[in-house]
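Heads up: the structure comes next, in structure tokens.
The values are calculated or read from the model by the stated rules, or taken from the named source; none is laboratory data. Just so it is clear, the model here is predicted, and its values are computed rather than measured. All Cβ positions, even for glycine, are placed from backbone atoms using ideal geometry, and neighbour counts span all protein chains on display. Accessible surface is based on the protein model in full, side chains and every heavy atom, while ligands, DNA and RNA are left aside. Shrake-Rupley method; radii C 1.70, N 1.55, O 1.52, S 1.80 Å.
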Amino acid sequence: MTTGSFTSRPRYSPLTRFPSARAHLLVADHAGIAPHAFAETCSAADFPERWEVVAHARVLPQPLGGPGVHQFRSASHLLTLLGHRLNAETMGLRLYAVGSEPFVWDVARVGREAGMGREEMQLFAVGQPVRRVVCVHCRTINPEVTTTLVTCAGCGVTLSVRDHFSRMHNTWMGVQCDAEAPGELPEVEDLCA
Amino acid sequence: MMDDRTLSLRVAAAPLVATGLRRLHLVAADGSRLPPAAPGAHITLTLPSPAGARPLRNSYTLVEADPERGYQLIVRRTDRSRGGSHHIHDRLQPGDTIEATVPHNLFALHSQARKHLLIAGGIGITPMLAFVAHLREARAAFELHQIASADEAGVFAALLAPHPGERIQVHAGRDACDIAALLAAQPLGTHVYTCGPGAMMDRIAAVAAELGWPASHVHREDFGAAGGEPFTARLARSGIDVAVAGDQTLLEAIEAAGIDTPSLCRGGACGVCILPLSEGDPEHRDHFLSEAERASGCHIMPCVSRSRSATLVLDI
Ligand code: FES
């Protein structure tokens, strides 16, 4: 069970182009963005500059981007160059991110570090739910968690994944779930259930 | 929302810093500590009006606010003034006491900004002096562009003298500063703050919007965007007609008629002065009512807004 009395689960709306902007940059952690990531009135074609992660990208992207589709070998590669790009950018840019939840919130962090506010970005998480879970006991971050219970890679306790998301740290909260009655564990469920 | 705590202040000094510009140094009349204020805050002074009519209430930005040392204001003597600035320039003497509101801040620096771009026109320099002092101390990234008429450029350069540096520029003449080029060159995370004539601030806001700046990054201070065509305000419930002169705000005219109505910023920002409107064609000049609220035509902010029709009927 992941729902408590309190939930801070982010909600996502399909992307639309911000009406007044000088330039738009869409980044995704995959190629071939599904049409449902866009609102009815728009599509990938409305975003002439796109950065995508393609595992076997052979051409090195321009470090500062520009119009066209740029391919990156990994999400971390894309995020690093995104940071450089945003530091060289001027006001009037809008940033859009599509991908796994950890990816889109990484993009939000890079944007925030460059001074962008929420009103200059849109995020849309796609795919199976994957959570980055922080163990509240030892602070270890357990990436790519897909179930409601997970063994902490740091301290070995069984964590139950709470419905509490930190937008600042891009992590979900994991709390030892058999603290009161050791060994008594609820049933493991898929996060998408 | 109305905060009517008042302060009793004593004029410690009132030197003329340039032709028509007087610096007021105010301390607590009883020698106590004054409330602190963040840069951008203002106080509203209650000043006697010339003909013994109801007192005037004018808002002035605090150029400096220190609980121990006191508050500093710079007041320009304006000819179109309703008498407030004349009183400060011609009558007020060191040792006099005046009444003021506690500081309010409707023009605060944005704490998340990566860079602050300050653009002032004329006497709009006053909040910028407070900002510059603060930003220097915080070692924050900023730029100040002061636009002044050619014959006044020297005055403003002198006021800015304690803060020399390449980040501060005084532009002599309205066209000496290329606003579009300036805004287009700003890095992500910049916030722009404008203070000066309404037309200048409108133009900067329009250029910023055109360049894709989100509205949340554009800040303005406007006091005294007051004048316009005279009109009549009919106060339906009180059953009186009030003549609003060209150099008077609707709020002032209502107050002068002896009707007490709440107000705070007197600059169209805070929303305190809102009044119900029943007839007429209002010219909204505030930053408080939304487009939808304006369209519904039910309210007006009398501290700045006026009338396009000869008569405006208010439900008060
Ligand atoms: S007094 Fe603040 S909006 Fe009128």
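Against the definition (in a strand (DSSP E or B) and either modelled with pLDDT of 95 or more or more than 20 Å from the chain's Cα centre (by Cα) (or both)), how does B:SER32 come out, yes or no? Judged against the criteria, B:SER32 is not a match. Scanning region A:66-93 for residues that are under 28 Å from B:ALA180 (Cβ atoms) and more than 14 Å from chain B (Cβ to nearest Cβ) yields A:GLY66, A:PRO67, A:GLY68. When region B:263-293 is examined, which residues are found to be open to solvent by 50 Å² or more (accessible area, probe 1.4 Å) and either within 6 Å of the ligand (Cβ to nearest atom) or farther than 27 Å from B:THR44 by Cα (or both)? Within region B:263-293, B:SER278, B:GLU279, B:ASP281, B:PHE288, B:GLU291, B:ALA292, B:GLU293 meet the criteria.
Annotation note: of B:ALA185, B:ALA208, the sole residue that is under 17 Å from B:HIS110 (Cβ atoms), within 14 Å of another protein chain (Cβ to nearest Cβ) and of a type in the set (A, V, I, L, M) is B:ALA208. Would you say A:VAL98 is touching a residue at least 24 places away in the same chain (Cβ under 8 Å), over 30 Å from B:ILE179 (Cα atoms), among the aliphatic types (A, V, I, L, M) and more than 14 Å from chain B (Cβ to nearest Cβ)? Considered against the rule, which asks whether it is touching a residue at least 24 places away in the same chain (Cβ under 8 Å), over 30 Å from B:ILE179 (Cα atoms), among the aliphatic types (A, V, I, L, M) and more than 14 Å from chain B (Cβ to nearest Cβ), A:VAL98 comes out as yes. Criterion first (more than 16 Å from the ligand (Cβ to nearest atom), closer than 30 Å to B:VAL102 by Cα and modelled with pLDDT of 85 or more) does B:ALA215 satisfy it? So B:ALA215 fits the description; yes.
Scan region B:147-158 and give yes if some residue there is closer than 30 Å to A:ALA21 by Cα and modelled with pLDDT of 90 or more, otherwise no.
yes
Scanning region B:164-198 for residues being β-branched (Val, Ile, Thr) and open to solvent by less than 20 Å² (accessible area, probe 1.4 Å) gives a total of 4. Among the residues of region B:246-262, write down those that are under 20 Å from the mean Cα position of the chain (by Cα), part of a loop (DSSP other than H, G, I, E, B) and either more than 17 Å from B:MET301 (Cα to Cα) or away from the ligand (no atom under 12 Å from the Cβ) (or both). Those that are under 20 Å from the mean Cα position of the chain (by Cα), part of a loop (DSSP other than H, G, I, E, B) and either more than 17 Å from B:MET301 (Cα to Cα) or away from the ligand (no atom under 12 Å from the Cβ) (or both): B:GLY246, B:ASP247, B:GLN248. Considering region A:96-133 alone, what residues qualify as being over 11 Å from the mean Cα position of the chain (by Cα), surrounded by fewer than 21 Cβ atoms within 10 Å (Cβ to Cβ) and assigned to a strand (DSSP E or B)? Result: A:MET121, single match.
Checking each residue in region B:294-316 for being of a type in the set (D, E, K, R) and open to solvent by 10 Å² or more (accessible area, probe 1.4 Å) picks out B:ARG294, B:ARG308, B:ASP315.
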